[in-house]
Amino acid sequence: MNNSVRSTARLLGAGLRALLVLTVVCGVIYPLVVTGIAQAAFHDQANGSEITSGGRSVGSGLLGQSYTLEEKDKDGNPLPDPKFFQPRPSAAGPNTENTQYKLLVSGASNLAADSKVLLSSVEQRRTDVAAFNGVSPSAVPVDALTASASGLDPHISPDYARLQAKRVAKANGLPAATVEKLVEDHVDGRLLGFMGEERVNVLKLNVALKELRAQH
């Protein structure tokens with residue numbers, strides 16, 4: 001009986017020692033090492049690609065956000081703010097017609113290419129974007145008409161950013177040439193020079209716009 005108790009005690013002791021060692025290694029040392037490497041080698045990514053302005057966080061460079069007024073349209077959606085560059089439409093909202101970014105909801109509308117609802121919304125967006133920016137409907141690029149698969153795309157095409165430059169300049173009382181240069185300065189090239197497409201991060205562009213506006 002004593003041998004059985006001692007054997008059980010040894011097994012419990014070994015188990016507790018293994019638990020303690022694994023807890024320290026896997027629960028303390030490993031997270032600290034991985035966190036240290038991430039902060040040293042990939043500081044920006046490890047902190048969520050955070051973008052700051054005026055000493056405070058204004059968002060992530062990986063997540064789109066809306067720039068709207070308090071006024072709403074006939075459907076109850078906030079109107080876009082003419083002083084800021086606008087992102088592409090987002091289906092991440094209560095319904096497919098809501099173009100506001102809802103960061104707790106990510107996804108596309110899942111409407112088929114021949115969906116009458118989708119086609120109608122695209123044509124409505126074309127009309128609205130053209131009128132908002134004072135351009136011809138034929139000049140509106142495709143990314144201004146369709147939502148991304150995630151619904152949280154932080155980028156727009158350089159063409160869409162350039163299309164908005166005159167409207168943004170006028171709304172902010174800035175020279176059009178200055179705002180157009182700001183857009184060109186924020187065009188990101190293709191990854192490794194050949195992968196993907198050129199793009200503009202809307203949040204970074206609007207942060208730079210606010211700083212430019214403060215200087216004037």
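The values are calculated or read from the model by the stated rules, or taken from the named source; none is laboratory data. Since the structure is predicted, the reported quantities are computational estimates derived from the model, not experimental observations. Methodologically, a virtual Cβ is constructed for each residue, glycine included, from the backbone with ideal geometry; neighbour enumeration extends over all protein chains shown.
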**OP:** Specify the residue that is farthest from P87 (Cα to Cα); the eligible residues are those in the stretch 157-182 that are within 20 Å of the chain's Cα centre (by Cα) and without any contact (Cβ under 8 Å) to a residue 40 or more places away in the chain.
**Re:** L182
Original post:
Which residue out of A165, A177, A161 is exposed (fewer than 13 other Cβ atoms within 10 Å of the Cβ) and modelled with pLDDT of 95 or more?
Top reply: A177
Original post:
How many residues does the stretch 36-61 hold that are under 19 Å from P154 (Cβ atoms), assigned to a helix (DSSP H, G or I) and of a type in the set (A, V, I, L, M)?
Top reply: 1
